[in-house]
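Student: Please find one structure pasted underneath; my questions will follow.
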């Protein structure tokens, strides 16, 4: 069972660590110190939800209804393009760093952003439901809870580490120059991911 636990932890860590939508958002909220611990907890709990669905049979859902993942991918790609454009606009204007920025997002807006970055992110479904669910299909029924527990551990450790590291290094990363660089990188990354996802859908259709 210990081996199964660490297998889940290692596999989830491998999937979650590459920079993506959620990671960039959690890190940026940590830098801004705007409900960053809530954001980390939200993303971790969302992973718990999706991992449980994937491990206990949810992977068959996308096999039965392939249009569902395609729809999520298209909507998610459009969201990435809009958010990426907003980041690039902030970078171009360079109005100032977070320290001089008096505009604070409301808690409601942060919750909505969390939902968008989670439920409109195709990689969340692919990583937790398709990949983890497919791997868990080869495990015995009594091994699966330990596998999920390992994945949960990796998810919470990673998201809270991002939020706390962002908060700790906020004095450096919240300067105007640093934020312009961060916004530019996030904006370009969002556009790159959106184009990649849309091209993959087009190639799959062919």
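The values are calculated or read from the model by the stated rules, or taken from the named source; none is laboratory data. Quantities reported herein were computed from a predicted structural model and do not represent experimental measurements. Glycine also receives a Cβ, built like all others from the backbone with ideal geometry; neighbour counts cover every protein chain displayed.
Student: From 113, 154, 178, grab the single residue that is assigned to a helix (DSSP H, G or I), touching a residue at least 40 places away in the same chain (Cβ under 8 Å) and closer than 27 Å to residue 10 by Cβ. Give the steps one after another, and end with the answer.
Tutor: Numbers: 113 fails: closer than 27 Å to residue 10 by Cβ; 178 fails: closer than 27 Å to residue 10 by Cβ.
From the options 113, 154, 178, the qualifying one is 154.
Student: Taking only region 123-149 into account, find how many residues are at pLDDT below 90 and crowded, with 22+ Cβ neighbours inside 10 Å.
Tutor: Looking only at that region, the number is 8.
Student: While we're here: Scan region 95-105 and tell me whether some residue there is modelled with pLDDT of 75 or more, surrounded by fewer than 16 Cβ atoms within 10 Å (Cβ to Cβ) and either part of a helix (DSSP H, G or I) or under 14 Å from the mean Cα position of the chain (by Cα) (or both).
Tutor: To start, the set of residues in region 95-105 that are modelled with pLDDT of 75 or more comprises none.
No, there is no match, as no residue in region 95-105 is modelled with pLDDT of 75 or more, surrounded by fewer than 16 Cβ atoms within 10 Å (Cβ to Cβ) and either part of a helix (DSSP H, G or I) or under 14 Å from the mean Cα position of the chain (by Cα) (or both).
Student: Related question: Would you call residue 34 within 13 Å of the chain's Cα centre (by Cα), under 30 Å from residue 178 (Cα atoms), surrounded by 15 or more Cβ atoms within 10 Å (Cβ to Cβ) and at pLDDT 80 or above?
Tutor: Working: within 13 Å of the chain's Cα centre (by Cα): no; under 30 Å from residue 178 (Cα atoms): yes; surrounded by 15 or more Cβ atoms within 10 Å (Cβ to Cβ): yes; at pLDDT 80 or above: yes.
In short, no.
Student: Let me ask something else. Within region 80-94, how many residues turn out to be surrounded by 18 or more Cβ atoms within 10 Å (Cβ to Cβ) and within 15 Å of residue 194 (Cα to Cα)?
Tutor: 4
Student: Among (1) more than 22 Å from the chain's Cα centre (by Cα); (2) at pLDDT below 85, where does residue 200 come up short?
Tutor: It is condition (1) that residue 200 fails.
Student: Also, I was wondering about something else. Tell me whether region 57-76 contains one or more residues that are crowded, with 22+ Cβ neighbours inside 10 Å and under 19 Å from residue 195 (Cα atoms).
Tutor: Checked region 57-76: at least one residue is crowded, with 22+ Cβ neighbours inside 10 Å and under 19 Å from residue 195 (Cα atoms).
Student: For region 43-76, what are the residues that are within 19 Å of residue 135 (Cα to Cα) and at pLDDT 80 or above?
Tutor: Correct list: 47, 48, 49, 50, 51, 52, 53, 54, 55, 56.
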